[in-house]
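As structure tokens, the structure follows; a few thoughts come after it.
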Amino acid sequence: MKAFVCAFASLFFFSLHCSGADRISDLQPSSNQYALGYYEGDPLPNKTAYLTFDDGPSDWTSEVLDVLKEENVKATFFVCGAWLPKKSRTGNSFHKYKDTLIRMKKEGHVVGNHTLGHPNLANMSEERIEKQLDENERLYRQELGEYSEKLTLLRPPFGSPYNRNLSEEKKRRVSSVLQKKGIVFMWSKAFDSSDSKEWVRGEWYEKGPRINTESDRFKAKMERIYTRLTSKADGQGIVILFHDTHPTTKEVLPFVIEKLKEEGYKFGTAEDYAKWRWGKTTKQVLEEEM
Ligand SMILES: [Zn+2]
């Protein structure tokens, strides 16, 4: 009986995932009527995990790419051109990590726009929001040249205003800009890895001598991330939020991927999601929207 149920479940999953049988083909915004995209509560294909990495590139990104290559998993990176805090804040991280970003594209990962300097969009004018996105894309394309393309996917910093208790007016104002710029891809609230919280000694965007991956606190943080991401993954589709700016992330990543694989999960990018949900690439979806 159990075998039958499993066979049936995988058949069901196969038809769901591969034929797009239940695809929502109408180009309707999400139920919340904000800019087109994926938001908490929107449909996701079963047993599919979308790994997303925000705030990079950083010194850790190439090691995240190593893990993804080893595991044969494609992911989505929401990048910022000037978000190396403190001394490097005004720097150009697309220039600094150009080789890593080229590798990201060559290895089949998807790149999205996380704004230039990671501001909270909720309190900004429409012009400034637009500038944050445009400048980030301009810098990315300038540095990456032939390896770049239009950044059709967006993720607002902190997920704001969508995951915050803010007025509808604010949400609609931000949305009015975002919907002109791309497709929003949020994450599943319960699958925020929490890797950006409670930094442990030595964790920083740049490599340095203070990092001790053997320390109890470092290991405890890895354990927390692992438990958080794997204990609730029971077959539902999930969008996981990581940050490729933390050494804990690349350390715990192979364990998370292995466990999800064991549970029968497949992995996809935000582009795979667009194809599943709308039957089109994000570029095609946007062309039809405009
Ligand atoms: Zn961020």
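Extent along the principal axes, Cα only, for the range 131-290: 52, 40, 37 Å, with the longest axis given first. Between the alpha-carbon centres of the range 134-171 and the range 40-62 there is a gap of 15 Å. Around the amide H of V239, modelled in the peptide plane, lie the amide H atoms of Y50, S188, all under 5 Å away and 5 or more residues distant in sequence or on another chain. Amide hydrogen proximity for F267: with H placed 1.01 Å from N in the peptide plane, the residues at 5 or more positions away or on another chain lying under 5 Å are A49.
Sorting V177, V184 from the fewest to the most surrounding beta carbons within 10 angstrom yields V177, V184.
So how do M124, M104, M290 line up by other beta-carbon neighbours within 10 Å, fewest first?
Details: M124 17, M104 27, M290 7.
Ranking M124, M104, M290 by Cβ neighbours within 10 Å, fewest first, gives M290, M124, M104.
Under Stokes-Einstein, with the Kirkwood radius over Cα pairs standing in for Rh, what whole-number D in µm²/s applies to the range 57-150 at 10 °C and 1.306 mPa s? It would help to have the intermediate numbers written out before the result.
Working: Rh = 13.8 Å.
So the translational diffusion coefficient is about 115 µm²/s.
Taking other C-beta atoms within 10 angstrom as a stand-in for reagent exposure, S196, S231 fall in the order S231, S196, fewest first. Amide H contacts for L154 (H built 1.01 Å from N in the peptide plane; partners 5 or more residues away or on another chain; cut-off under 5 Å): N113, I183, V184, F185.
Distance check, please: which entries in K105/K189; K106/K221; K47/K232; K150/K207; K197/K232; K106/K197 exceed 23 angstrom between their Cα atoms?
Numbers: K105/K189 27 Å; K106/K221 31 Å; K47/K232 12 Å; K150/K207 30 Å; K197/K232 19 Å; K106/K197 31 Å.
Too far apart for the 23 Å limit: K105/K189; K106/K221; K150/K207; K106/K197.
We did not get these values from a lab; they are worked out from the coordinates using the rules stated. Here the structure is a predicted model, which is why all the values come from computation and not from measurement. Cβ sites come from the backbone with ideal geometry, for glycine too, and all protein chains shown count toward neighbours.
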